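First the structure, in the form of structure tokens, and then the observations on it.
The values are calculated or read from the model by the stated rules, or taken from the named source; none is laboratory data. Note that the coordinates shown come from a computational prediction; the quantities given were computed from them, not determined experimentally. Glycine gets a Cβ as well: all are built from the backbone with ideal geometry, and neighbour counts include every protein chain shown. Protein only, heavy atoms only, side chains kept; ligands, DNA and RNA dropped before computing areas. Shrake-Rupley method; radii C 1.70, N 1.55, O 1.52, S 1.80 Å.
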Amino acid sequence: MIQLDEKIYFYLLAIIPVIIVLFALLQLWKKRTQKKFAETPLLKRLSPDKSNFKSGLKLLFFLLGITFLTLGLVNPKIGTKLETVKREGVDVVFAVDVSKSMLAEDIAPNRLEKAKRLVSEIINQLASDRIGIIAYAGQAFPQLPITTDYGAAKMFLQSMNTDMLTSQGTAINEAINLATTYYNDEEQTNRVLFIISDGEDHSEGNTNDTVEKAIEEGIQIFTIGVGKTKGAPIPIKRNGVVESLKKDSQGEVVITKLNEDVLIDIADDGNGEYIDGSNTEAAVELIKEKLLQMDKKEFEAKQFAEFKDQFQWFLGIGLLFLLLDIFVLDKRTKWLKKLNLFNEKEIE
């Protein structure tokens, strides 16, 4: 397991393409200037020991030095031991709506991306809670089982899209039903389900019955609304370009609206609360407060411990490459010249 302490230093790598461009421009300027000074055969006689490749080699050493020094500043750490630790927390499951209506762009960049950002920001605020993720549209799909691996959760979260489920529509009761099977710890008294959706519900069954079943399982249901009540069309895109808007069977453009009433009813019946997701910071802060107020249960979890700093290796290698850049000269090395590995012709 690897940890990166100071990821911000990765921005230093942006200087590498700038250096390459400047080097190319310098070489071009040198060639043009030299041609104005003398013909190529004469230049070769004036500087017979000049190497044709060492300037590029020096640049390579310099760039490798910068790269490894940057990695040293980032300070990678490697977990050397996997051990079981005691943690206290709540079991939290996120049910994210991935139906086509979530492509509406009445909230930037669109409802689904907004929902994913909300979940990601909530995860950032968690300390020792266990989390799971469900994707649902016309049916529900287990995206990630209950885990303490927040990194994996974010990875699965970012991969979610409206094409991952073939059954379209929005069946909220399917998500709640699946959530009741998600919590694998019978002793966990605090079970929380967050439904992130625009509130469109095409469930065939009775959602109230499903919510009651969830309550019996000790699940508290919160709903987070994404979208605008005035509604918006659903764009159909190809390669990021809007080709058309989704239409119904009558040929009319479909306008999808945030249905807060459905989400409020589910939250009220589920002993939870409806949260407006339009303001990410406010929504995340409110959810953080709600979770902090809940009793935490102690559970065991495996995690990497004894992380050891590895920066010294990268700094050492980086300094070595910079020293090579300093000591490697632009002229030919005598023994290398004899080997003629790089096909550099002798000047007669």
Worksheet item: If a residue has to be outside any loop (DSSP other than H, G, I, E, B) and of a type in the set (Gly, Ala, Ser) to count, how many in the stretch 100-158 make the cut?
Response: 9
Practice prompt. Quick one: count up the residues across the stretch 226-255 that are among the β-branched types (Val, Ile, Thr), under 28 Å from the mean Cα position of the chain (by Cα) and modelled with pLDDT of 90 or more.
Written response: 2
Discussion item. Quick check on my filter: what residues within the stretch 160-185 are crowded, with 18+ Cβ neighbours inside 10 Å, touching a residue at least 40 places away in the same chain (Cβ under 8 Å) and assigned to a loop (DSSP other than H, G, I, E, B)?
Written reply: MET160, THR162, LEU165, GLY169, THR170, TYR182, TYR183
Practice prompt. Could you please find all residues in the stretch 102-133 being more than 18 Å from the chain's Cα centre (by Cα) and either modelled with pLDDT of 95 or more or within 15 Å of ALA175 (Cβ to Cβ) (or both)?
Written response: MET102
Practice prompt. Go through SER51, SER99 for me and flag whichever is at pLDDT below 80 and open to solvent by less than 40 Å² (accessible area, probe 1.4 Å).
Written response: SER51
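Matching residues to (1) on the phi > 0 side of the Ramachandran plot; (2) modelled with pLDDT of 80 or more; (3) exposed (fewer than 13 other Cβ atoms within 10 Å of the Cβ):
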residue	(1), (2), (3)
GLU289	no, yes, yes
GLU298	no, no, yes
GLN303	no, no, no
PHE311	no, yes, no
PHE314	no, yes, no
GLY318	no, yes, no
ILE326	no, yes, yes
ASN340	yes, no, yes
ASN343	yes, no, yes
Worksheet item: What number of residues within the stretch 1-37 are part of a helix (DSSP H, G or I), among the charged types (D, E, K, R) and in contact (Cβ under 8 Å) with a residue 60 or more places away in the chain?
Response: 1
Worksheet item: When the stretch 274-287 is examined, which residues are found to be open to solvent by less than 60 Å² (accessible area, probe 1.4 Å) and either more than 30 Å from ASN124 (Cα to Cα) or not in a helix (DSSP H, G or I) (or both)?
Response: TYR274, ILE275, GLY277, SER278
Discussion item. Against the definition (open to solvent by less than 50 Å² (accessible area, probe 1.4 Å), part of a loop (DSSP other than H, G, I, E, B) and on the phi < 0 side of the Ramachandran plot), how does LEU258 come out, yes or no?
Written reply: yes
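Where in the stretch 186-254 are there strands (runs of 3 or more DSSP E), lying wholly inside it, with at least 3 residues that are in contact with a strand residue (DSSP E or B) (Cβ under 6 Å, 6 or more places away or on another chain) and open to solvent by less than 40 Å² (accessible area, probe 1.4 Å)?
191-197, 219-225
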